[in-house]
Structure formats: structure tokens, C-alpha cells
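Please read the structure below before turning to the comments.
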Amino acid sequence: MFPHGTTCASGTAQCCSSIQSPTSTPMQTLAGLLGIVLGSLTGNVGLTCSPITAIGLGTTQCSNQVVCCQNNSFNGLIALGCTPINIAL
């Protein structure tokens, strides 16, 4: 569960199965296959992400990586510009 007040300064909160560097070989390969240009991406890349919409209500759980992402317009498969959210109580 997320503590009240945990929000993204920019982007949207996402629960991702993993986070990868945009410069890693597997990420470059996947992005190339999907036609996504990572270029000078700021932040990491989230894989298989879903939005978190009820932060602070005590009902949202994420057992994977909680991040804020700038672009999740690839149907959750890949999210761009992700930065970790500090969910420490």
C-alpha cells in the first residue's frame, strides 16, 4: 500500500514488472523491434506497466516496481521516462 501524499511531480504513477536502462542491449533491441526511438530519453524504461490510480487511499498495491513515467502510450508493454517513487513509510 502507498502512504498518503505519494505522487508524481510529472508523469503518471505506474506499477511495472521491471525497470531497464534505455541504453541496455535488450532495451535497444526491443525498442527497435517496436519502432520506438529511445534517443536521448531521460529516465529508465518500464516493462509491462499498469497505471496506479488510487495512491494514498490505502487500496492500491504493487508488488513490483513503482515509478513515475512520462509516456505509457504503448498499451502497458513499455513506458518511457520512468523514475522511482519513494514509497517508504
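Each reported figure results from applying straightforward, stated rules to the coordinates on display, with no laboratory input. Just so you know, these numbers come straight off a predicted model, no measurement behind them.
Quick notes on this one:
- Here's how it looks for N71: its modeled amide H is under 5 Å from those of L80, which are all 5 or more places away or on a different chain.
- Stretch gain in nm, segment T42-N64, where the contour uses 0.36 nm per residue and the Cα spacing is subtracted: 5.8 nm
- Subtracting the Cα-Cα distance of S73 and C8 from their residue separation scaled by 0.36 nm leaves 21.7 nm.
- Our Cα-only numbers for the stretch 12-84 put the radius of gyration and Dmax at 12.1, 39 Å.
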